[in-house]
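Shown next, in structure tokens, is the structure this report addresses.
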Amino acid sequence: MWLALKQELIEKAVALGFNMVGVVPAVPSKRLGAYLRWLEQERHGAMGYLARPDRLARRQDLQVILPGVQSMVCVGLDYYTQKLPEHIAADPSRGRISNYAWGVDYHEVMTPRLEALGAWLTAVVKARHLTTTENPVAHKVYVDTGAILERDHGEEAGFGFVGKNTMLIAPQRGSWFFLGELLTTLPLPPDNVALGASAPSCGSCTRCLTACPTNAFPEPYVLDARRCISYLTIELKGWIPADLRPLMGNWIYGCDVCQAVCPFNRFATPTAEAGFTLSDLERAAPSLLDLLRLDEAGFEAQFAHSPIKRIKRARLVRNACVAAGNWGSPTAVSTLIPLLQDGSPLVRGHAAWALGHIGEREGITAVATALIRETDPQAHAEMAHTRQSFS
């Protein structure tokens, strides 16, 4: 009965567009201990929510998330589209955006489908009288929004293995895919995935570790988020550490380096998901000058259905300021100077850093003038450092 239902569920998930489907027991991740040690070492940086007691309670017992939960349905959805033309990728006047954010927000694609899968499952079991009022069917869905170590569960479901860059790697498709979960109170039979000594692995390869621009991997299989460009450009709400800014190149939202160099990603094929396809190169590598000119209305209009909308305008412009400083072209000076009067101190301070990194007299003079009226302590310190560097 349950085995047949599980097979129907898998077929339904595939019909909804998911590329990978697997069922595992709803138990804590086998790497929970390593995760807790990672938190103790404070490698989660400013993502304090990861260490909140209520979050830890959920990771340690999935019954806290959904009372009566028995099974977890893991799904994957490919998002790889194409490799950027080299003349675009290497152009320092453009801001690089991680591959996963070139299209529409994946939450808007995956969450409704998982909810539809859960609704279908509920309707089927009720129609077949497989549950009772004492044992009702219930479900909960997540798309990287819950306290679940989803890569570990995806590995258990047979999607692939966790690599040295901490990504879940599928041997025949690479790592360019999103993950989602459907927790259910139904006792679905788990997949029998045999992971023996012959299972695929990274072997002796260390390309991802050596290619990381900021040396964010202190050891294989361990990421120090505090040095990761994806963390710095997305999760970090405050000031990007000055010593890491020159290492970020022109990445303004996420980073693909550790995935791009992975040999397994040579097997990746373009996604069939229309919402993830790249219709315009500007969505993958927009002009830095255009980004620096964005106001709130322009930001909202341009990124309304993009994952980028979550970091809001100030953080995106902050990131663009760092990229402009690394570009180092005097062309950016006249666009950066007005940002010294921006409403966000975060933007003002990073604009001052960029102008100092470029080193044109016009920009340094503008920073000295802005310093006189600056009231935010951190922005003031950034401007003062820039002025002192050229005094």
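The values are calculated or read from the model by the stated rules, or taken from the named source; none is laboratory data. Quantities reported herein were computed from a predicted structural model and do not represent experimental measurements. With ideal geometry, Cβ positions are generated from the backbone for all residues, glycine too; neighbour counts draw on all protein chains shown. Only protein heavy atoms, including side chains, enter the accessible area calculation; ligands, DNA and RNA are left aside. Shrake-Rupley method; radii C 1.70, N 1.55, O 1.52, S 1.80 Å.
Per residue, what accessible area does the range 75-166 have, given a 1.4 Å probe and all protein chains present, in Å²?
Working: 3700 Å² over 92 residues.
For the range 75-166, the per-residue accessible area is 40 Å².
Placing unit charges on each Cβ (+1 for Lys and Arg, -1 for Asp and Glu) gives the chain a dipole about its Cα centre, and among PHE267, PHE18, GLY158 the Cα reaching farthest toward its positive end belongs to GLY158.
Measuring from each cysteine beta-carbon in the chain, the ones with no other cysteine beta-carbon under 4.7 angstrom are CYS74, CYS202, CYS205, CYS212, CYS228, CYS255, CYS262, CYS321.
Averaged per residue, what accessible area in Å² does the range 179-291 show with a 1.4 Å probe, protein chains only?
Numbers: 5020 Å² over 113 residues.
On a per-residue basis, the range 179-291 sits at 44 Å².
For GLN172, put the label point 7 Å out on the Cα→Cβ axis and report which residues of the range 2-35 keep their amide N under 15 Å from it. Counting only backbone N, you get 19-22.
Applying 1/(1 + (r/R0)^6) with r as the Cβ-Cβ distance of ALA199 and ASP144 and R0 = 25 angstrom yields a FRET efficiency of 0.50.
Sorted from greatest to least, the principal axis extents spanned by the alpha carbons of the range 272-376 come out as 53, 27, 15 Å. Computed about its Cα centre, the charge dipole of the range 1-136 is approximately 280 debye, with only Lys, Arg, Asp and Glu carrying charge at their Cβ.
Based on the Kirkwood approach, the hydrodynamic radius assigned to the range 84-174 is 17.0 Å, with every pair of different Cα atoms included. Helix-only arithmetic for the chain: the sum of -39500 (n - 2.57) across DSSP H runs with n ≥ 4, divided by the residue total, places the mean residue ellipticity at 222 nm at -11000 deg cm²/dmol. In the range 4-47, the inverse of the mean reciprocal separation of distinct Cα atoms equals 13.5 Å; this is its Kirkwood hydrodynamic radius. Of the residues CYS202, CYS74, ranked by 1.4 Å probe accessible area with the largest first, the sequence reads CYS202, CYS74. For the chain, the residue among HIS139, TYR231, PHE303 whose Cα projects farthest onto the positive side of the dipole built from Cβ charges is TYR231.
To the nearest ten degrees, helix 361-373 and the longest principal axis of the Cα atoms of the chain are 80 degrees apart.
Taking each pair of different alpha-carbon atoms in the chain once, compute 1/r for the pair, average those values, and report the inverse of that mean as the Kirkwood hydrodynamic radius in Å to one decimal. Can you show the working numbers first?
Details: mean 1/r = 0.0439 Å⁻¹.
It is 22.8 Å.
For the range 127-179, the alpha-carbon coordinates run over 46, 23, 15 Å along the three principal axes, in decreasing order. Running Debye on the range 230-312 with equal point scatterers at the Cα sites and no solvent, what base-10 log of I(q)/I(0) appears at q = 0.11, 0.14 Å⁻¹? Listed by q, the Debye log ratios stand at -0.40, -0.64.
Each Lys and Arg Cβ is given +1 and each Asp and Glu Cβ -1; about its Cα centre, the range 136-271 then shows a dipole of about 360 debye.
Using Cβ point charges alone (K and R +1, D and E -1), the dipole size of the chain about the Cα centre works out to roughly 360 debye. In plain terms, if you count all Cα to Cα distances in the range 158-226 and split them into 5 Å steps from zero, the share in each step is 3, 13, 20, 19, 18, 12, 8, 5, 2, 0 percent. Surface calculation, 1.4 Å probe, protein heavy atoms: HIS305 sits at approximately 120 Å² accessible.
ASP191 sits with roughly 50 Å² accessible to a 1.4 Å probe, with DNA, RNA and ligands left out of the calculation.
Evaluated at q = 0.09, 0.12, 0.15, 0.19 Å⁻¹, the base-10 log of the normalised Debye intensity for the range 1-160, with identical point scatterers placed on the Cα atoms, takes the values -0.40, -0.68, -0.97, -1.31.
Report the extension gain between SER334 and GLN82 in nm, rounded to one decimal, defined as 0.36 nm multiplied by the number of residues separating them, less their alpha carbon distance.
Numbers: separation 252, 0.36 × 252 = 90.72 nm, distance 3.40 nm.
Gain on extension, SER334 to GLN82, equals 87.3 nm.
Taking all protein chains as shown and a probe of 1.4 angstrom, LYS309 keeps an accessible surface of around 70 Å². Relative contact order of the range 316-357: 52 percent, from C-alpha pairs under 8 Å at least 6 residues apart in sequence. Take the range 191-254, compute every pairwise Cα distance, and split them into 10 Å bins from 0; I just need the percent in each bin. Distribution as computed: 19, 40, 21, 15, 5 percent. Taken along the Cα-to-beta-carbon direction at a fixed 7 Å, the label points for TYR49 and HIS107 span 0.8 nm. Accessible surface of the chain, 1.4 Å probe: 54 percent of it comes from carbon and sulfur atoms. For the residues ARG361, ARG96, a 1.4 Å probe over the protein chains yields an accessible-area ranking, largest first, of ARG361, ARG96.
Accessible surface comparison of MET1, MET167, MET248, probe 1.4 Å, protein chains only, largest first: the order is MET1, MET167, MET248.
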